[in-house]
Amino acid sequence: MDIAVDSLEIWELAELIRTRRVTATEVTEAQLERIDALDSRLLSYAVVTRERALADAAAADAEIARGHYRGPLHGVPIALKDLVHTEDITTAAGTTVHGDHVPQQDGTVAARLRAAGSVLLGKVRMTEGAFSAHHPDLPTPVNPWDADTWSGVSSSGSGVSVAAGLAFGALGSDTGGSIRLPSGANGVTGLKPTWGRVSRAGIFDLAPSLDHLGPMTRSARDAAIMLGAIAGWDPADPTSSSRPVPDYTAQLELDRAPVVGVDPALSARFDAETQSMLASVQSELTDLGWRVVAVQAPDFMTVAADWSALCGVETALVHADTYPSRKDEYGPALAGLIELGRSLDVLDLERMQQRRRHFTGAMNRLMDDIDIFLLPSVGKASPTIEEMNGLDAGTELFEQVTGPTAPIDMAGLPSLTLPSGHTVRGTPLGVQFVGPAFAEAALLAAGVAYQRATDHHLRRPTL
């Protein structure tokens, strides 16, 4: 293969495959070679599905040669977070207690990506049960920008693999920030859709009322491609939305300048480097002709503090068959979350549920007047691994880090994370564009416009 493809975006690679300038097999072989060369130290993959990937690629090449082109994911190598069920492939959800779990059929999102013609490179690592820490007996993915910098949770392997050029896109999940935190930490683009926009059938849950599935890619344009493949009503998930799915890739041009809301009081709670990044983004958006206005958001910090207990209750139910009966096989972070949920008083639970409903209503009202609410993707600018020690449920550190992310899950609103600069250490920073419910098309168009005007997302780690 004469063309270097590892740093390409999906939409660029798709055109090369469609026009047969490269084959899916050539690209897949190159990706597998790159995984062999780099992942022994980056540790992003839990399972590399070499035979499946080559078979998927060969089938894509044969179909394209016959003139049957399925679309922009056809022949494109991707990875799945290891909580997505995949037929005959181990799906352990970052745990040891489910380390031998082999599903008998694909989850809905895996089936839809397969139907789009994508090539499955493998399953990428994640924190235990999709909470805040990797199981102590399992590897932790390494941030490709700096080995001492946090790689994010819980879709850590998804963020690392895309940033390092070990997959052209990956699927992540987000319950308290698990798409946005690793997207920001690794310098990739991540989309948390509206709750219900993407089916959750056939995944290992953390907390069903908070869980979202979405793409992690190198650009907003790529995120539109992946979202288009997985979004939509699914009878296997009655909570999925029956609203029609737009053609996201056909709506990537803004029809007017967006109105962007910023809460000065909320922004002032973040560290100095995060505040500087937000100010820089606001300047970039103003230069684009967008209108940036001051708004007053509802109480993020109280809702962020409530998140752990509410998540813990649902997580305790998810793990009822194995906890506490197999408690010794759990890591301390996930066990602590479950214990928190099991200890919650029913009246305290209802108070938190009421605060969640009130917050959701207030956020929906706020979004009536703006198109985008601006937040950082992580509540602490590019933290080191050492700084993240003790990221446990209910701690001040946990509430600081997830302060700008967990409340958005509580409200179920969509959020697009975009690379937005780098620290003095040269590690990535990310910004969130939060939108009204089911406004993914508008967010993606805004993301494309922002990335057309900036080059943050084009920077790659030196490996």
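The values are calculated or read from the model by the stated rules, or taken from the named source; none is laboratory data. Since the structure is predicted, the reported quantities are computational estimates derived from the model, not experimental observations. Because the Cβ atoms are built from the backbone with ideal geometry, glycine has one as well, and the counts that use them run over all protein chains shown. Accessible surface is based on the protein model in full, side chains and every heavy atom, while ligands, DNA and RNA are left aside. Shrake-Rupley method; radii C 1.70, N 1.55, O 1.52, S 1.80 Å.
Overview of results
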{"read-out": "Verdict on T315 being buried (at least 20 other Cβ atoms within 10 Å of the Cβ) and touching a residue at least 40 places away in the same chain (Cβ under 8 Å)", "value": "yes"}
{"read-out": "Matching entry among F359, F373 (being open to solvent by less than 20 Å² (accessible area, probe 1.4 Å), of a type outside the set (G, A, S), more than 24 Å from P182 (Cα to Cα) and at pLDDT 95 or above)", "value": "F359"}
{"read-out": "Residue check, T91 under 21 Å from T322 (Cβ atoms) and β-branched (V, I, T)", "value": "yes"}
{"read-out": "Single residue of region 446-463 satisfying the filter (assigned to a loop (DSSP other than H, G, I, E, B) and free of Cβ contacts under 8 Å to residues at least 24 places away in the same chain) that is surrounded by the fewest Cβ atoms within 10 Å (Cβ to Cβ)", "value": "T462"}
{"read-out": "Residue count, region 39-72 (criterion: over 23 Å from H101 (Cβ atoms), of a type in the set (A, V, I, L, M) and surrounded by fewer than 17 Cβ atoms within 10 Å (Cβ to Cβ))", "value": "5"}
{"read-out": "Residue match in region 249-258 (condition: hydroxyl-bearing (S, T, Y), touching a helix residue (DSSP H, G or I) at 6+ places or on another chain (Cβ under 8 Å) and within 18 Å of A453 (Cα to Cα))", "value": "no"}
{"read-out": "Among the candidates E63, E51, E26, E33, residue that is within 26 Å of the chain's Cα centre (by Cα) and either in a helix (DSSP H, G or I) or farther than 26 Å from Y248 by Cα (or both)", "value": "E33"}
{"read-out": "Residue within region 131-154 that is in a loop (DSSP other than H, G, I, E, B), more than 26 Å from H422 (Cβ to Cβ) and acidic (D, E) present", "value": "yes"}
{"read-out": "Residue match in region 391-410 (condition: closer than 19 Å to A279 by Cα, among the hydroxyl-bearing types (S, T, Y) and either free of Cβ contacts under 8 Å to residues at least 12 places away in the same chain or touching a strand residue (DSSP E or B) at 6+ places or on another chain (Cβ under 6 Å) (or both))", "value": "no"}
{"read-out": "Residues within region 26-38 that are crowded, with 16+ Cβ neighbours inside 10 Å and charged (D, E, K, R), tallied", "value": "3"}
{"read-out": "Residue that is open to solvent by less than 40 Å² (accessible area, probe 1.4 Å), touching an Asp or Glu at 6+ places or on another chain (Cβ under 9 Å), of a type in the set (S, T, Y) and at pLDDT 95 or above, where the choices are T91, T23", "value": "T91"}
{"read-out": "Unique residue being free of Cβ contacts under 8 Å to residues at least 24 places away in the same chain and among the charged types (D, E, K, R) when the list is R351, R356", "value": "R351"}
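Residues are listed down the side, and each one gets a yes or a no for (1) modelled with pLDDT under 95; (2) more than 29 Å from S132 (Cβ to Cβ); (3) open to solvent by 10 Å² or more (accessible area, probe 1.4 Å):
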{"residue": "H74", "(1), (2), (3)": "no, yes, no"}
{"residue": "L83", "(1), (2), (3)": "no, no, no"}
{"residue": "T86", "(1), (2), (3)": "no, no, no"}
{"residue": "H101", "(1), (2), (3)": "no, no, yes"}
{"residue": "L113", "(1), (2), (3)": "no, no, no"}
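Each row is one residue, and each column tells you yes or no for (1) open to solvent by 30 Å² or more (accessible area, probe 1.4 Å); (2) modelled with pLDDT of 95 or more; (3) more than 30 Å from E339 (Cβ to Cβ); (4) touching a Ser or Thr at 6+ places or on another chain (Cβ under 7 Å).
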{"site": "V378", "(1), (2), (3), (4)": "no, yes, no, no"}
{"site": "L391", "(1), (2), (3), (4)": "no, no, no, yes"}
{"site": "V401", "(1), (2), (3), (4)": "no, yes, no, no"}
{"site": "P407", "(1), (2), (3), (4)": "no, yes, no, no"}
{"site": "L413", "(1), (2), (3), (4)": "no, yes, no, yes"}
{"site": "T417", "(1), (2), (3), (4)": "no, yes, yes, yes"}
{"site": "H422", "(1), (2), (3), (4)": "yes, yes, yes, no"}
{"site": "P428", "(1), (2), (3), (4)": "no, yes, yes, yes"}
